Every structure is written in C-alpha cells, then in structure tokens.
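Trainee: Have a look at this one.
The values are calculated or read from the model by the stated rules, or taken from the named source; none is laboratory data. Just so we're clear, the structure is a prediction, and the values are computed from it rather than from any experiment. Here the Cβ positions follow ideal geometry from the backbone for every residue, glycine too, while neighbour counts run over all protein chains shown. When the accessible area is computed, the model is the full protein with side chains, heavy atoms only, and any ligands, DNA or RNA have been set aside. Shrake-Rupley method; radii C 1.70, N 1.55, O 1.52, S 1.80 Å.
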Amino acid sequence: MNWQQKLTLRKQFGLLILVVILLFIAVGYALQTKLDSTQQILHELTEQALPSMAEASERAILSTELFLAIEQFTQASNPASRRIADQEVQNKIKETANLVNQVDKGSTEVLKLKSLKDEVAQLTLLIDQKLNLAEQIQERLEHINQLQASSAQLFLGNDNLKNSMLLWQLNFSTIIAKAYQSANSNQLTQLLNLEQDIQLLLDSMQAYAQKHPIYFSNLNTINTQLQQDLLSDQGLIRLRTDYLRVSGRSRGREHFIRNLIDDYSNVNEQIAFNETANLKAEVTELADDLSMQKSWLVGAFMIFVVMIGIILLHYQWVIHRLKRLTEKLSGMSTNHTKQQKSVDEIDELFLAFEDFSNTINIQTQRLESLSLTDSLTSVANRRAFDQRLRETLTHAQVLSILLIDVDYFKQFNDTYGHLKGDEALQKVASSLHQTLSGEACLFARYGGEEFVAILPNHNIADAKNKAQQAIQAIHECQIEHASSQVSDRISISLGLVTRQANQQTDADTLMRFADQALYYSKAQGRNQATHFDDIKAV
C-alpha cells in the first residue's frame, strides 16, 4: 500500500485545514503589510507632502509678486507712486519673511531676505535722490523762464533797441534752449560741452550789458541769477550731472536686486517642482498599493468567506482615509472636472489630483501672463518686449522697430491730473495696438508714456507707412491737450529703425538708433516720425 492509500480522509482533511490555515496566515500577513504601507503613505501625504507642496507653491507665487512689485517700484516717476510701490514691496518682503519663519527652512533664505531688504533700502534712497534732483532741475528751469519773462518786461515798449541789446536777448534765448538740452541730456561729456557754451554766452551777455549803463544794473542782476541757476554748485548743470550718476547707481542696484529675486525664485521653483514630483510619486505608489490590495481582497473573499466581514471593515477604513485625502485635494483645487464618471475611490483620487494639478498650472500661467502684461494699458510690457525682440532677431531677416513717445505728456498730467493721464494712456495704447498689431508683430508699453512696436518683415517704407498710420490714428482719437505746443489734441513722436537682411545688429544697438531717431523727431517739432537712416544721411 502506497502513501496515497495510507493517507486517511481525516488526515487529508487535517492537511487541508492546515493548508487553509497557513494560507489564511499568509494572506492575513500580506494584507496587514499592505494596509500598514498604505497607512504610512496616507500619513506622509496628509502630514508632509501636501503641506510642503502648498508652502512651496505659495513661496513661488510670493517671489513672482515681489518681482513685479520691484518693477513697479523702479518705474515710479513721482513721490506718490514711489511711496505706494515701496509699501507694496515691503509688504511682499514681510509676507515672504513670515512664510520662511513658519516653515523654518534654514538660515540661507533668512540671509537672502535680509540682503534683499538692505538692497531695497539702498535703492529707495537712490530713487528718492533721483526724484529730488529731478524736482530741483524743474525748479531751475521754471526760474530761468521767469527771468526771461522779467527781461522781456524790461525792454517792453522800447522799439529802438541797439544791436547789442538784441544780441543780449538772442544769447538769452540760446541759453534757455541749452538749459532745456542740459535738463534732458544723458551724457556727461555733452553736459561739459554745454557748460562751456553757456559760460561763453553769459560772458557775451555781460559784455553787452556793460555797453548800456541804463540797463546795466537790471541786466547784471539777470546775468548773475542765470550764472547761479545754471553753473553754480546747485545749478542745473551740476544737478543734471548728479542725476545721471545717481541714475547709474540706481540701475546697478536694481539689476542686483533683480538677480537676488531671480535666485530666490529659482530656488523656490525648484522646491515646488521637487515637492510636486514627490507628491506624484507617492500618489502613484498609493494607487498601485490600493490596486494590489483590491486584488488580494477579491482573492481573500473567494477563499475565506468567513473573514469577509473583517476584510470589509479594513477595506472601508482605508477607503475612509482615501476619501479624506480626496476631499483635501478637492478643497485645494479651484478647477473641478465636470461630467466625468469615476469607477471607484482610486479614480476619484486621480480626478482630484488632476484638478489640483490643473489649478497649479492655471495659477502658473496666470502669473506668467501678469508678468508679461502692463497692468494699466493691458498691452505687453517691457519684459515681454525684450523677450520677443531677442526671439525675433534670431529668425527674422528684415525687422523694423517703432519707438513712440506721447508729446508733452507731463504737461498733460499737470493740466488734467494723473487719472486723466492714465485714461489717455489707455486710449493711446488701445488705438496704437489696433493700428500696429498684426501677424508676428508685437506692441508694448516701454515705460511711462513711451510705447514700442516690433514689426517683422517690414522694410523702411513699410515702417514709415505704419508710423504715419499711427500718427493719424492718435489724431483721430481727438484727446484734448490744451498744454501741447504742437496741437490742440494729444499727438505722438516716433523714432524708426530697420535691420535689413544680412545685417548683424543686436537689440541694444537697434534700440539706441530708434531712441536717436525719436530724439530727432522731438527736436524737429514733434508730432512726426523720423527713420534713423534719414538722420544718418544728414
């Protein structure tokens, strides 16, 4: 009798019971191991991964908002706007510091924020100096204009003035022109030359005054005041020189601050990226574990009917935790998927995570759009223009740039107020955007009352035609401007430059040429367009 025959039914049953018990122990152990692993992953998600990702996203958003606030701060053109922008910057720095202190990320971020605060404080001093110098320069110009009015009253009614007195008046007019040229000069060498020219003119005026004893006392007083307003230590030439030096220092400080913010933003973006990757990996691991656990549960149900109640209790407990995780993800999402059926809780978790990821992507796109759009006019800003110009220069054979300035806009603000000035800028931007936009073209606000347009595949003739269309479009807007010296409505001056095929002109050179052409348009009476090639041939 072999061993199969000697194995009694009782032994077979006992062996079967033993196998079932061993299998039960193995399945129970495997299920318990999977449950512990799932519980650990859920704990890490709710207690670590999700808070860390939310904090990283908040830091990235604050970094972008701080960068935008710094740009507004550096573009402030008056004390009121400077104070508002400075308050916004300080608020963003304070929010960032509070967040860093809460998460306790170490001394590196604290030191970076301290360095950023110090740099912003130094930049604030430089901007205050710039605004103060600009105000003093304007006061000197106004006083010189008052002197001219006084001199005109001195000779009023005297139609028999000698040639020397006429020359004195002519020199006075020339000095005023050079004073305005000095107030707008951006080169120290040019200021030095203007200083020498003004000194020669003042000497000539003094000589002419000595030839007329009747007027000498009054003329000598005017000459002395002109000397003080223009050439003294607090004169216009020295103030403009100091303004250019302070401007250079503030630009350097501004670039350094932007680099600090870029470094801080890059660190936060990397942290956010790493946290997102970790969250995706943990959710994927959780989904895999749950899928495997589901298979084990089905097998256990088929083999161990009596254990179905306990297994279901454990399963429901896991599902409860999974729903809590899904609810937390849904609560952090703003873009919920609609009309999409979910098979089970795992699908709900995937849908909730997809909604959460979409929310992060939408916020990122919105922030990127904000960083490339001018908040006042809703057209592209300087940053968007710089990016597009670099891209266009790499593939466009022929390219034209239009640099546009609203004529006498400061006088418009002084006459109608800054709110009307903002409305006028919005109307001008809208009209120019409709006129200059086209396929592959970009219209942007360059800063203040200046705008700029990139016109790929536009030669010199096309650029001039577009410029005339822009001038006509602004004229048809019929925005009243009683303080303008060239028109009864708002007008614009344009500087044009074109890069022909096979030319290797960089962005800085093109913008410098466009600025020179714009300056020529202003010097020739404004409300007109000038191409750089036309003044280059003069």
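Trainee: Within the range 474-522, count every residue that is closer than 16 Å to His433 by Cα and in a helix (DSSP H, G or I).
Mentor: Residues that pass the stated criteria total 4.
Trainee: Okay, next question. Could you check, for the range 22-39, whether at least one of its residues is over 30 Å from Met302 (Cα atoms), part of a helix (DSSP H, G or I) and at pLDDT 65 or above?
Mentor: Residues of the range 22-39 that are over 30 Å from Met302 (Cα atoms), as a first pass: none.
No; the residues of the range 22-39 include none that is over 30 Å from Met302 (Cα atoms), part of a helix (DSSP H, G or I) and at pLDDT 65 or above.
Trainee: Check Gln397, Gln387 and return the single one that is of a type outside the set (A, V, I, L, M), in a loop (DSSP other than H, G, I, E, B) and closer than 27 Å to Asn502 by Cα.
Mentor: Numbers: Gln387 fails: in a loop (DSSP other than H, G, I, E, B).
Within the list Gln397, Gln387, the selection yields Gln397.
Trainee: Now a separate question. What do you reckon, is Leu219 more than 24 Å from Gln129 (Cα to Cα), of a type in the set (A, V, I, L, M) and surrounded by 17 or more Cβ atoms within 10 Å (Cβ to Cβ)?
Mentor: On the way: more than 24 Å from Gln129 (Cα to Cα): yes; of a type in the set (A, V, I, L, M): yes; surrounded by 17 or more Cβ atoms within 10 Å (Cβ to Cβ): yes.
Yes; evaluated as a whole, the condition is true for this residue.
Trainee: Of these, Gln234, Gln210, which one is over 30 Å from Lys117 (Cβ atoms), within 38 Å of the chain's Cα centre (by Cα) and either open to solvent by 10 Å² or more (accessible area, probe 1.4 Å) or of a type in the set (Asp, Glu) (or both)?
Mentor: Numbers: Gln210 fails: within 38 Å of the chain's Cα centre (by Cα).
Going through Gln234, Gln210 in turn, just one is over 30 Å from Lys117 (Cβ atoms), within 38 Å of the chain's Cα centre (by Cα) and either open to solvent by 10 Å² or more (accessible area, probe 1.4 Å) or of a type in the set (Asp, Glu) (or both): Gln234.
Trainee: Given the condition part of a helix (DSSP H, G or I) and under 30 Å from Glu135 (Cα atoms), answer yes or no: does some residue in the range 450-473 qualify?
Mentor: First pass over the range 450-473, keeping only residues part of a helix (DSSP H, G or I): 460-473.
If we keep only those that are under 30 Å from Glu135 (Cα atoms) as well, we get none.
Looking for residues that are part of a helix (DSSP H, G or I) and under 30 Å from Glu135 (Cα atoms), one finds none in the range 450-473, hence no.
Trainee: Any idea how many residues of the range 112-152 are over 18 Å from Gln87 (Cα atoms) and acidic (Asp, Glu)?
Mentor: 3
Trainee: Given the criteria open to solvent by less than 80 Å² (accessible area, probe 1.4 Å), among the aliphatic types (A, V, I, L, M) and farther than 23 Å from Ala149 by Cβ, does Leu191 qualify?
Mentor: Yes, satisfied.
Trainee: Follow-up question, since we're still on this one. Quick one: in the range 499-520, of everything that is under 29 Å from the mean Cα position of the chain (by Cα) and without any contact (Cβ under 8 Å) to a residue 60 or more places away in the chain, which residue is surrounded by the most Cβ atoms within 10 Å (Cβ to Cβ)? Walk me through it before giving the result.
Mentor: Applying the first criterion (under 29 Å from the mean Cα position of the chain (by Cα)) to the range 499-520 yields 499, 504-519.
Filter once more, keeping what is without any contact (Cβ under 8 Å) to a residue 60 or more places away in the chain: 504-505, 508-509, 512-513, 516, 519.
On the way: Gln504: 7, Thr505: 15, Asp508: 8, Thr509: 13, Arg512: 14, Phe513: 23, Gln516: 16, Tyr519: 18.
Taking the candidates together, the pick is Phe513.
Trainee: Counting only residues that are open to solvent by less than 80 Å² (accessible area, probe 1.4 Å) and at pLDDT 70 or above, how many does the range 98-117 have?
Mentor: Summing the residues that are open to solvent by less than 80 Å² (accessible area, probe 1.4 Å) and at pLDDT 70 or above in the range 98-117 gives 5.
Trainee: May I pose another question? Right, Lys178: crowded, with 16+ Cβ neighbours inside 10 Å and at pLDDT 85 or above or not? Explain how you work it out, then say what you get.
Mentor: Values: crowded, with 16+ Cβ neighbours inside 10 Å: yes; at pLDDT 85 or above: yes.
Here the answer is yes, as Lys178 does meet what is asked.
Trainee: Which members of the range 446-469 meet the condition of being more than 26 Å from the chain's Cα centre (by Cα), small (Gly, Ala, Ser) and buried (at least 20 other Cβ atoms within 10 Å of the Cβ)?
Mentor: Narrowing the range 446-469 to residues more than 26 Å from the chain's Cα centre (by Cα): 457-469.
Then keep just the ones that are small (Gly, Ala, Ser); that gives 461, 463, 467.
Hits for the range 446-469 are Ala463, Ala467.
Trainee: Still on this structure: What number of residues within the range 368-395 satisfy the criterion of being surrounded by 15 or more Cβ atoms within 10 Å (Cβ to Cβ) and touching a Lys or Arg at 6+ places or on another chain (Cβ under 8 Å)?
Mentor: 9
Trainee: Need the failing condition index for Lys420 against (1) without any contact (Cβ under 8 Å) to a residue 12 or more places away in the chain; (2) within 18 Å of Thr530 (Cα to Cα); (3) within 25 Å of the chain's Cα centre (by Cα), just the number.
Mentor: With respect to (1) without any contact (Cβ under 8 Å) to a residue 12 or more places away in the chain; (2) within 18 Å of Thr530 (Cα to Cα); (3) within 25 Å of the chain's Cα centre (by Cα), Lys420 is out only on (2).
Trainee: Working only within the range 435-445, note down all residues that are open to solvent by 30 Å² or more (accessible area, probe 1.4 Å) and either touching a Phe, Trp or Tyr at 6+ places or on another chain (Cβ under 9 Å) or part of a strand (DSSP E or B) (or both).
Mentor: Start the filter on the range 435-445 by keeping residues that are open to solvent by 30 Å² or more (accessible area, probe 1.4 Å), which leaves 437-440, 445.
Within the range 435-445, Ser437, Arg445 meet the criteria.
Trainee: Going by the conditions given, is Thr241 open to solvent by 30 Å² or more (accessible area, probe 1.4 Å), under 36 Å from the mean Cα position of the chain (by Cα) and modelled with pLDDT of 90 or more? Give the steps one after another, and end with the answer.
Mentor: Numbers: open to solvent by 30 Å² or more (accessible area, probe 1.4 Å): no; under 36 Å from the mean Cα position of the chain (by Cα): yes; modelled with pLDDT of 90 or more: yes.
No.
Trainee: Okay, next question. As an exercise: evaluate Lys94 against (1) under 16 Å from the mean Cα position of the chain (by Cα); (2) modelled with pLDDT of 70 or more; (3) open to solvent by 70 Å² or more (accessible area, probe 1.4 Å) and give the number of the one condition it does not meet.
Mentor: Exception for Lys94: condition (1).
Trainee: Tell me which of these Ala482 doesn't satisfy, since it passes every other one: (1) open to solvent by less than 30 Å² (accessible area, probe 1.4 Å); (2) at pLDDT below 95.
Mentor: (1)
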